[in-house]
Amino acid sequence: MVKPVVIGNWKMNGLTKEADHIVSSLLAYAEKHKDFAPTVICPPFTQLYHVQKHIKDTPYALGAQDCHVAEKGAHTGNISAAMLKDVGAGYVILGHSERRSDHKETDQLIKEKTIAAQKAGLLPVVCIGETKEERESGKYKDVIASQIKGSLPENFNGLVAYEPVWAIGTGVSAKNEDIAEVIHFIREKLVAQYGENGKKTPILYGGSVKPSNVKDIFAISELGGVLVGGVSLIPEDFLQLVTIAQDFA
């Protein structure tokens, strides 16, 4: 059985002092536990190099929170996938609901970013998920199907993260039966779109994941891991998730 992956998204958090506190806990854990579930740390752009210096010889992987579609050029304030790869990143989160809402990112733009990430040698973690209104109206499957079709390129090679918008940062996680239903639905769509490769794509869940509920979440069939936000800033809680993930290997 493949170990579930645990991805920590720091979002727009983490000054150097805070990053050092988190990283020191991660390093102490890695020293004590030589074998643990795949774990990806996604700090803000400003901390990527700093964090990578400390974790490069550990089992942890480095990830970023976004990238631009272009490899280089006159795009002030943007970061390319090639730059992320150059600094040591192996993963990049794309299409997070906060990017979709705050920056009006479309499925087409996310697809173009995914293509750029793959070209640079990064593993994209493409986020999809419905709003509260879309869930309550019963349109959530249509929304998710549309996001899968619109956000993933033909040669997709990465991870898909189901993050219901109404569960992100609210402290309210989706019910396990609802998560299981959507994970299975996503798997069906991936298989329909990619055939055998669609059976292998890891599907993660994100949305108020914490140590108290993650065991039940990991027990969901076809789930390949979790993408967490706030908990990733609390190393004691984040590392509990990593420990629990190892038990499901």
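The values are calculated or read from the model by the stated rules, or taken from the named source; none is laboratory data. Since this is a predicted model, take the numbers as computed values, not measurements. Cβ coordinates were reconstructed from backbone atoms using ideal geometry, including for glycine residues, and neighbour counts include every protein chain displayed.
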Filtered residues of segment 5-25 (kept if crowded, with 19+ Cβ neighbours inside 10 Å, over 23 Å from residue 162 (Cα atoms) and of a type in the set (Gly, Ala, Ser)): 14, 19
Sole residue being of a type in the set (Gly, Ala, Ser), under 25 Å from residue 237 (Cβ atoms) and either surrounded by 19 or more Cβ atoms within 10 Å (Cβ to Cβ) or modelled with pLDDT under 95 (or both), chosen from 117, 81, 64, 28: 64
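For residues in segment 80-92 being of a type outside the set (A, V, I, L, M, F, W, C) and part of a helix (DSSP H, G or I), which is farthest from residue 153 (Cα to Cα)? Before the answer, list the steps.
Filtering segment 80-92 for residues of a type outside the set (A, V, I, L, M, F, W, C) gives 80, 85-86, 88, 90-91.
Checking the rest, the ones that are also part of a helix (DSSP H, G or I) come to 85-86.
On the way: 85: 20, 86: 23 Å.
The residue in question is 86.
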Some residue of segment 166-178 being farther than 25 Å from residue 68 by Cα, aliphatic (A, V, I, L, M), surrounded by fewer than 14 Cβ atoms within 10 Å (Cβ to Cβ) and touching a Phe, Trp or Tyr at 6+ places or on another chain (Cβ under 8 Å): yes
Residues satisfying the stated conditions in segment 93-105, i.e. outside any helix (DSSP H, G or I), free of Cβ contacts under 8 Å to residues at least 40 places away in the same chain and either surrounded by fewer than 19 Cβ atoms within 10 Å (Cβ to Cβ) or β-branched (Val, Ile, Thr) (or both): 103, 104
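Taking the stated definitions as given, is residue 51 modelled with pLDDT of 95 or more and β-branched (Val, Ile, Thr)? Break it down stepwise before answering.
On the way: modelled with pLDDT of 95 or more: yes; β-branched (Val, Ile, Thr): yes.
The answer is yes for residue 51.
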Residue 112 closer than 30 Å to residue 222 by Cα, acidic (Asp, Glu), in a helix (DSSP H, G or I) and more than 16 Å from the chain's Cα centre (by Cα): yes
Within segment 145-167, considering residues that are at pLDDT below 95 and aliphatic (A, V, I, L, M), the one farthest from residue 95 (Cα to Cα): 167
When residues of segment 31-62 are limited to those that are touching a Pro at 6+ places or on another chain (Cβ under 7 Å) and in a loop (DSSP other than H, G, I, E, B), the one nearest to residue 8 (Cα to Cα): 37
Qualifying residue in segment 189-204 (condition: buried (at least 20 other Cβ atoms within 10 Å of the Cβ), touching a Pro at 6+ places or on another chain (Cβ under 9 Å) and of a type outside the set (Lys, Arg)): yes
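Can you tell me which residue among 77, 8 is outside any helix (DSSP H, G or I) and free of Cβ contacts under 8 Å to residues at least 24 places away in the same chain?
Details: 8 fails: free of Cβ contacts under 8 Å to residues at least 24 places away in the same chain.
Only one candidate qualifies: 77.
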